[in-house]
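Okay, structure first, notes after.
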Amino acid sequence: MRIRLWLPLALLAAAWPLSADTVKTKDEQTLKGRVVREDDKTLVLRSTFGELTIPKGEVKEHQRATYVVELKDGTKLRGQIVGETPEQLALKVDSKDRPVAQGDVKGVTERPGIAEAKLNEMRERALKLLLDKKYAEAIALYQEILEHEPDDATSIYNLACGYALTKENAKALGMLRKSLEAGFIKFGHIEKDPDLDGLREEPEYKKLMAARATYVESGVALSVERVHKALAARGIDAKAYKTLHDKARNFVYMHTRSDEDLAQIRKSLEEYGEWQWKNLLQNRPQDHIYIVLLNTADTGKVFPRGGGGVFNAGSNVLLCGDIPAWKLVKTSVVMHEFTHALHFADMAARRQTHPIWLVEGLATLFETANRDAGKVLPTHSQRLGILHQAIRAKRSIPWTQVMGMNHPQFMQNAIIAYAQSRYMLFYMLEKGLLKKFYDAYTEKEGYADDKSALRTIEVVFGKPIEEVERDWRQWVLAQKVPLVPFLGVRTRDDKGKLLVEDVTANSPAGKAGIKKGDLIATLDGQAVQDQNDLMEAVGGKNVGDEMAVQVTREGKTLDLKLKLAARPPDADRPPQPPQPPPAAFLGASVEERDGEVRIKEVAKDSPAAKAGLRVGDLVLELDRKPITSVRQFLDALKPAKPGQAIKLTIEADGLEETLAITLAKLQ
């Protein structure tokens, strides 16, 4: 099976080599030239202005050019120039250093660049050509892609598939070897890929598979190097990040933590993974997962506009920020992103692409949870408060709309969409239906007919989606929003000190005597230098806890005491989403038992209850349509409108009866 290269997130895409030899500095200068020398501290460019020496610390972005070096014997080398002297040209070709004597060089030209968006479009088009069995066209397009990106391991692998499918085994094996050398080490996929079945008995194929351990080691090293480059492009000291390769689980950790902290994180992730594979996702990752644990200082460099983490499905890299504010609300960035990694591995094994609401719903569901004694129990978070406000203001998004959103639409409504996705799944979990839902949805037949998972939810609950949503809203409003400790100050960092810019009236800080202009020096004896320190200190407390605060005011030190209160709800209201037309309400759910459809639940005072429908009644027909499955029942009910009368034929106590039921308007 050909591999789709997931579009890289902007964070990582901006750090990988692009197609123009351009250096942008932090003071917004743009310099162009050929690299003459480069070390850890400086970069020397030969430009139209002569040789320019640029301190690495001043480099904001370095876009590498790719050159075509033609030798006097007719050979053409394509790669990046990483150094040059009168005697020698230093090239990097296919990620390998290749020195070339200047006397052998006939000419050097810069290969025309191509925009990343255009390359991604070409990759998608080439993949479709393969899927449509237009092999010759796909091969030609992949060759063009590799002219621009010779180290694109996924495109090299897909080209190998193209050659294998056209029975050009020698070329296929050559490209397969090249893909492994470029870092395509998805051996679990390679060994099961039917596109390569024609190569299995080839001695060269067996030789490549026998060298698996060597390729994995070099592939991991290449990926770590790429992550280091991405971090360095953000002004981060990548060398400060230690690497630990857990070969048993295919986890690669990159971190600045102590051995004790890392051991605790590893234990937590390993136990959580085992729970997921046993209870929900089932398929273990076949590819390496790169877990980058950013420290607090570097988090702001990677996420300057806020946010805590990101998972890149193309590279399997998790960038996990250290966000004290997330600690305040008892939420784990690492668990959120790690859940993404586990879910994408499960999707890959099933060859499925799940909708964004389910992808983000699972990650947010498990980001806030108790993980004790090998069990994982999601707990309520501040996303519940957002949802409370939205539902009470009639501004929640109908389930049918949430489930039909693409990624851009979801992110445009992110505040509500994240909260709703989490609590749609939380509701299923509370009802004991989450695993039943996921298993039913991911079955080949279920997934093929129901990409959004809407019909699966209806079948699992045994009633129309509108009724499920109505019951969910009632459940949500009955849940208690967790209390978050609240100090009551607005602050800003001021030259290594924390300046109070405002104090909320009647807040713990106001009652303790903290005033605008104070410098917060310590909290419970711990030094406070910035807002992260403040969040860290308060995040370890609960509502009602007392704290000792030391402030500096007009050169004098004051020792104060306060008692933390609960953070008040946010005043901002989410926007009003478009509302669907009113749905019809029957007030009964059904289930299948021993090949029959029976009434599972009857809502109090509903049309079903008033008509005399009872739990356990056997459903035979709906408006003269035979009913032998839950889906048939739901499909027959779906066209009905409020006020419409339906005829439901049932069997109760051995007697067949037809009930006339007038449907109500769903409230």
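Roughly how compact is the range 116-210, stated as its Cα Rg over 2.2 N^0.38 Å to two decimals?
Working: Rg = 12.5 Å, N = 95, 2.2 N^0.38 = 12.4 Å.
Here the answer is 1.01, to two decimals.
How large is ³J(HN,Hα), in whole Hz, for each residue of the range 550-562 in order, when computed from phi with the Karplus curve 6.51 cos²θ - 1.76 cosθ + 1.60 and θ = phi - 60°, using x for Gly and Pro?
10, 10, 10, 9, 6, x, 9, 9, 10, 9, 10, 10, 9
Which three lengths, in whole Å and largest first, does the range 456-596 cover when its Cα atoms are put on their principal axes?
So the three principal-axis extents are 79, 34, 26 Å.
Could you give the semi-axes, largest first, of the ellipsoid that matches the range 484-528, computed as the square roots of 5 times the alpha carbon gyration tensor eigenvalues and rounded to whole Å?
Working: eigenvalues 57, 32, 16 Å².
Taking √(5λ) for each eigenvalue gives 17, 13, 9 Å, largest first.
By how many nm would the segment from Asp594 to Thr85 lengthen if fully extended, with 0.36 nm per residue of separation less the alpha-carbon distance?
Details: separation 509, 0.36 × 509 = 183.24 nm, distance 8.11 nm.
So the extension gain works out to 175.1 nm.
7 Å from Cα along Cα→Cβ at both Arg624 and Glu147: what's the point-to-point distance in nm?
6.6 nm
Once every DSSP H run of n ≥ 4 in the chain is given -39500 (n - 2.57) and the sum is divided by its residues, what mean residue ellipticity at 222 nm do you get, rounded to the nearest 500 deg cm²/dmol? Mind dumping the intermediate values first?
On the way: 25 runs with 258 residues, N = 667.
Taking each H run of at least 4 residues, the total per residue is -11500 deg cm²/dmol.
Apply the Debye scattering formula to the chain, with a single equal point scatterer on each alpha-carbon and no solvent, then give log10 I(q)/I(0) at q = 0.09, 0.10 Å⁻¹.
Debye output, listed in q order: -0.95, -1.10.
What's the Cα-based Rg to Rh of the range 214-351, Rh via Kirkwood?
Details: Rg = 14.6 Å, Rh = 15.4 Å.
Checking Rg against Rh, the ratio lands at 0.95.
In whole Å, largest first, what are the principal axis extents of the Cα atoms in the range 577-667?
Over the range 577-667, Cα extents along the principal axes are 46, 24, 21 Å.
Using alpha carbons only, what's the Rg to Rh ratio of the range 446-510 with Rh from Kirkwood? List each step's numbers first, then the result.
Working: Rg = 23.3 Å, Rh = 16.6 Å.
Rounded to two decimals, Rg over Rh is 1.40.
Apply 1/(1 + (r/R0)^6) to the Cβ-Cβ distance of Asp97 and Leu244, taking R0 = 22 Å, and write down the FRET efficiency to the nearest 0.05. Numbers along the way, then the final one.
Working: r = 27 Å, r/R0 = 1.23.
E between Asp97 and Leu244, to the nearest 0.05, is 0.25.
Quick one: what does P(r) look like for the range 352-481 with 5 Å bins over all Cα pairs, in whole %?
For the range 352-481, the binned pair fractions read 2, 10, 21, 25, 22, 14, 5, 1, 0 percent.
Calculate, in nm to one decimal, what Arg350 and Val615 gain on full extension: separation in residues at 0.36 nm each, minus their alpha carbon distance.
Details: separation 265, 0.36 × 265 = 95.40 nm, distance 3.70 nm.
Working it through step by step, the gained length comes to 91.7 nm.
Which GluC sites (Glu not before Pro) in the range 440-483 sit in a loop by DSSP (not H, G, I, E or B) and have at most 14 other Cβ atoms within 10 Å of their own Cβ?
On the way: sites: Glu443, Glu445, Glu458, Glu466, Glu467, Glu469; in loops: Glu443.
Counting only loop positions with at most 14 other Cβ atoms within 10 Å, the GluC sites (Glu not before Pro) in the range 440-483 are Glu443.
Taking a point 7 angstrom from the Cα of Trp475 along the C-beta vector, which residues in the range 624-667 have backbone N less than 19 Å away?
667
Quick one: dipole size for the range 116-210, taken about the Cα centre, charges +1 on Lys/Arg Cβ and -1 on Asp/Glu Cβ, in debye to the nearest 20. Mind dumping the intermediate values first?
On the way: 15 positive and 19 negative charges, 53 e Å.
Using only the charged Cβ atoms, the result is roughly 260 debye.
What length, rounded to one decimal in nm, is gained on full extension from Lys134 through to Gln282, with 0.36 nm per residue of separation minus their alpha-carbon distance? Could the numbers behind the result be given before it?
Numbers: separation 148, 0.36 × 148 = 53.28 nm, distance 3.48 nm.
Difference between extended and current length: 49.8 nm.
Work out the FRET efficiency for Arg46 and Glu124 from their Cβ-Cβ distance, taking R0 = 45 Å, and round it to the nearest 0.05. Could the numbers behind the result be given before it?
On the way: r = 38 Å, r/R0 = 0.83.
Calculated transfer efficiency: 0.75.
Mark the label point 7 Å from the Cα of Arg37 along Cα→Cβ and return the residues of the range 74-89 whose backbone N is within less than 17 Å of it.
Inside the label zone: 82-89.
Efficiency by 1/(1 + (r/R0)^6): what FRET value for Lys192 and Arg553, r their Cβ-Cβ distance, R0 = 60 Å, to the nearest 0.05?
Values: r = 68 Å, r/R0 = 1.14.
After rounding, the FRET efficiency stands at 0.30.
List residues of the range 483-507, by number, whose backbone nitrogen lies under 18 Å from a label position 7 Å along Cα→C-beta of Leu377.
Counting only backbone N, you get 483.
Strictly over 30 Å apart at the Cα level, which of Lys60/Lys247; Lys178/Lys242; Lys604/Lys641; Lys24/Lys242 would you flag in this model? Numbers along the way, then the final one.
Working: Lys60/Lys247 35 Å; Lys178/Lys242 28 Å; Lys604/Lys641 20 Å; Lys24/Lys242 28 Å.
Result: Lys60/Lys247 exceed 30 Å.
How large is ³J(HN,Hα) for each residue in the range 37-46, as worked out from phi by the Karplus curve 6.51 cos²θ - 1.76 cosθ + 1.60 (θ = phi - 60°), to whole Hz, x for Gly and Pro?
Taking θ as phi minus 60°, the curve returns 9, 7, 9, 5, 10, 9, 10, 10, 10, 9 Hz for the range 37-46.
Readers should treat all values here as calculations from the given coordinates under stated rules, not as data from a laboratory. The shown structure was predicted, so the numbers you read here are calculated from the model rather than taken from an experiment. Cβ atoms come from the backbone with ideal geometry, glycine included; neighbour counts cover every protein chain shown.
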